[in-house]
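What follows is a set of notes on a single structure, which appears directly below.
The values are calculated or read from the model by the stated rules, or taken from the named source; none is laboratory data. Here the structure is a predicted model, which is why all the values come from computation and not from measurement. All Cβ positions, even for glycine, are placed from backbone atoms using ideal geometry, and neighbour counts span all protein chains on display. Just the protein is used for accessible areas: all its heavy atoms, side chains included, with ligands, DNA and RNA removed. Shrake-Rupley method; radii C 1.70, N 1.55, O 1.52, S 1.80 Å.
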Amino acid sequence: MRLPLVILIVGGLVWMPAAAAAQDAPVARFGFPRPKRKLIVYGWELGFRETSDIRRNATVMQRLPFDGIMFSLHHKAKGRDEAFIHSARLTDAQLAPAVKELAAIRWTTFTDNFLVVKAGERFLDNGDPGHMDWFDDGQWETICHNIGVLTRVAVAAHCVGLGFDPEPYHSSVWNYDRAGSRKAQPRRDTKTFAEYVAVVRQRGAQYMKAIQAEMPRVRIFNLYQAIRIPPSELAETIYSLYPAFINGMLDVAGPNVKFIDGNEYGFSLLTRGDYTNAYVNVKERKLALIDPRNRDTYRRQVQVSVPIYLDDIFGSHAQRRWIGTYLDPDDKQKLFEHKLFQAMDSVDEYVWIYGERPAWFSSATRVPRWAAESVKTVRRQVSRLRLEARPKNTPLIKRVRERITVREKELAALKPAERGTPRLPERRAAIHHLADKAASPEIDGKLDDPAWKQATVLEGYRPMMYFVRDRLAVQTTCRVTWDDRFLYLAFDCREPRMAELPPTSNQRKRNRNTLVLSKSPRAKNFIRVDIPLDGSPSILARKLGIRGWAKDTTVGTQPARAHRTTAKGWTAEWRVPWGLLGGAPRTGDSRRATVTRVRSPWAEHDSWAPQIDPNLIDDELLGTWVFESP
């Protein structure tokens with residue numbers, strides 16, 4: 001007997017009898033679509049970005065696989081991102097030009113943007129406004145007026161809410177007693193802690209009312225609510241009044257308000273258990289700081305988020321405290337993907353991706369080349385998750401922990417001032433003298449002279465650390481030799497995209513090689529020679545410790561140079577008179593040096609000796625050339 005096919009549709013779900021389902025793969029399962037996880041980018045690049053620049057680049061920015069940004073209000077070099085402005089009254093007219101810029105942006109894929117305010121006190125147009133006083137009704141009328149004005153900016157900019165950074169930095173916002181360099185509250189000697197708690201809670205309610213009057217469905221993305229967990233004794237002192245402010249906000253929050261706890265402590269999370277514990281910290285343990293009358297509101301309206309700290313993963317500035325400094329490129333990528341996966345799988349809605357040196361939206365992006373694709377990969381993985389066991393990545397975690405142990409041992413052996421220095425090997429090279437009676441190379445760009453076969457070969461360039469790249473995109477080799485009159489250099493620059501650099505292209509002028517060389521073994525003065533693929537040489541000079549280069553007005557004879565291009569790249573030959581470089585070295589002399597290559601328009605800048613700053617001013621990181629005898 002053949003049974004009829006029965007399909008039931010219940011609550012939007014499709015259910016089939018097993019016999020029918022078995023005819024087609026995959027097997028039907030009960031379930032609803034997972035809540036969407038959203039990625040929000042925040043960092044230094046957005047903390048000081050002009051509104052005009054955001055508007056101009058919004059379309060390009062939205063090509064990246066994110067859901068929004070947190071940004072500060074900066075217009076014509078003036079910032080308006082203080083949360084507690086009490087010494088001046090903002091007006092809509094003052095901010096109208098910035099609002100016009102932001103309102104004109106067409107947000108498409110970036111659906112969840114937040115305007116940032118920070119828990120500082122200063123309003124720089126008016127100098128030092130004095131200490132904020134929680135008991136001063138006049139100050140707090142001004143503060144609430146101003147946050148209302150800024151909230152209207154967020155509404156006009158099509159934001160879903162405000163980002164709130166509670167870190168007081170150098171001001172004394174949340175501490176009752178003196179805490180480190182932070183002064184005690186101005187009425188500390190006449191008002192008890194309980195009196196301060198009461199008035200701070202009152203101010204939190206005022207503040208929340210001012211915000212939701214302008215944006216009833218506001219989302220407050222708080223980088224961390226009430227306190228970081230686990231807190232130190234110092235942190236509990238610095239933030240002793242902060243829980244009262246949060247309770248005041250919860251007292252009056254409307255039913256459509258959402259609070260996102262950014263859980264900034266999560267910068268260091270590693271294992272699946274770490275992320276689960278971080279979720280419980282916010283949802284349950286922080287209830288100890290929430291008035292029982294507010295706990296139902298807290299449970300309903302507080303969401304858990306966690307951050308991804310790019311600097312730590314990428315080791316982008318070669319700081320010894322960042323674990324990425326101790327990882328190879330493959331493990332950096334794996335760690336980034338692992339953390340992003342665990343974060344997206346353990347939050348209510350938002351993950352925020354934070355960077356100081358890294359930058360996704362600059363004209364020359366400062367993230368590894370694989371970063372955007374890794375984000376897309378992880379998003380696909382998370383979108384397919386159901387109830388299955390999650391990957392533990394045990395081998396990766398073991399390697400990371402081993403490198404953390406190495407880091408801790410190294411840091412323990414260093415003085416405090418040394419712990420912020422780059423962890424990089426010193427580069428040295430013996431520069432071969434031209435052999436006796438050997439002909440000097442002909443400067444024709446061919447690199448086929450016998451002299452180059454005996455020259456010192458400089459390989460192993462590495463990306464400029466400023467750009468946060470961990471792998472070379474192209475190979476560059478430099479050969480160096482010398483005699484008593486000249487320094488000779490030959491560059492072989494591989495270029496797989498040579499067809500995009502036709503002879504008439506202005507980009508050819510931006511592709512260049514550079515030599516930086518100290519004038520003597522003492523390395524007190526430096527010469528920089530820039531020679532582009534097309535165009536004239538540039539000769540610059542600088543003293544040790546000076547942050548900028550200046551045109552060298554003492555230059556006489558210019559270096560001879562020649563270039564050749566092929567389908568696979570370009571070559572360059574230089575002959576630089578020693579008179580331009582501070583005089584010829586003696587046999588055995590050493591000079592601090594590096595050679596670099598700029599590749600444009602692909603924003604690549606690679607150096608033989610490691611450098612952080614693209615201006616090539618990291619004197620302590622320069623390599624050493626020792627000049628050998630014939």
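Sequence-distant contacts, meaning Cα pairs under 8 Å at least 6 residues apart, place the relative contact order of the chain at 10 percent.
So with the 1.4 Å probe, I'd like the accessible area per residue for the stretch 329-460, rounded to whole Å². It would help to have the intermediate numbers written out before the result.
Details: 7080 Å² over 132 residues.
Accessible surface, normalised per residue, equals 54 Å².
Report summary: the helix-based calculation at 222 nm, which adds -39500 (n - 2.57) for every DSSP H run with n ≥ 4 and divides by the residues of the chain, gives -8000 deg cm²/dmol. Given axes a ≥ b ≥ c from the Cα gyration tensor, I'd like to know whether the stretch 190-234 is rounded (a/c under 1.5), prolate (a/b larger than b/c) or oblate. Note, shape of the stretch 190-234 comes out oblate. Across the stretch 334-481, C-alpha contacts under 8 Å between residues 6 or more apart give a mean separation that, scaled by the residue count, equals a relative contact order of 24 percent.
Take the alpha carbon gyration tensor of the stretch 337-393, find the square roots of its eigenvalues, order them as a ≥ b ≥ c, and report rounded if a/c is under 1.5; if not, report prolate when a/b exceeds b/c, else oblate. Don't skip to the answer; put the middle values down first.
Numbers: a/c = 2.57, a/b = 2.07, b/c = 1.24.
Taking the square roots of the gyration eigenvalues as a ≥ b ≥ c, the stretch 337-393 is prolate.
Normalised per residue, the accessible area of the stretch 533-630 is 42 Å², obtained with a 1.4 Å probe and no contribution from ligands, DNA or RNA. In this Cβ point-charge picture (+1 for Lys and Arg, -1 for Asp and Glu), the stretch 422-519 has a dipole of about 540 debye about its Cα centre.
Atom-type composition of the exposed protein surface of the chain places 52 percent of the accessible area on carbon and sulfur (1.4 angstrom probe). For the stretch 167-313, what is the number of Lys pairs with C-alpha distance below 18 angstrom, counting only pairs 8 or more positions apart or on separate chains? Counting lysine pairs in the stretch 167-313 gives 4.
Length available on full extension from residue 507 to residue 439: 0.36 nm per residue minus the Cα-Cα distance, which gives 21.0 nm.
Need one number: % antiparallel among DSSP beta bridges in the chain, to the nearest 5.
Numbers: 65 of 101 bridges.
Antiparallel bridges make up about 65 percent of those DSSP assigns within the chain.
A straight Cα-to-Cα reach below 26 Å connects residue 437 with the lysines 446, 453, residues fewer than 8 places away in its own chain not being considered.
For the charge dipole of the chain, defined by +1 on Lys and Arg C-beta atoms and -1 on Asp and Glu C-beta atoms about the Cα centroid, which residue among 297, 342, 198 has the Cα displaced farthest towards the positive pole? Checking the options against the dipole of the chain, the answer is 342.
Classify the stretch 361-489 as rounded, prolate or oblate, taking a ≥ b ≥ c as the square roots of the eigenvalues of its Cα gyration tensor: rounded when a/c is under 1.5, otherwise prolate if a/b is larger than b/c and oblate if not.
Numbers: a/c = 3.28, a/b = 1.96, b/c = 1.67.
Judged from the Cα gyration tensor, the stretch 361-489 comes out prolate (a/c at least 1.5, a/b above b/c).
Listed by chain and number, the aspartates and glutamates whose C-alpha is less than 19 Å from the C-alpha of residue 376, apart from same-chain residues fewer than 8 away, are 67, 112, 330, 331, 337, 345, 349. Restricting attention to the stretch 223-379, close to 10% of DSSP beta bridges with both partner residues there are antiparallel.
A full extension of the chain between residue 474 and residue 328 corresponds to an added length of 50.7 nm, given 0.36 nm per residue minus the alpha carbon distance.
Summarising the label geometry, the points placed 7 Å from Cα in the beta-carbon direction at residue 235 and residue 483 lie 6.7 nm from one another.
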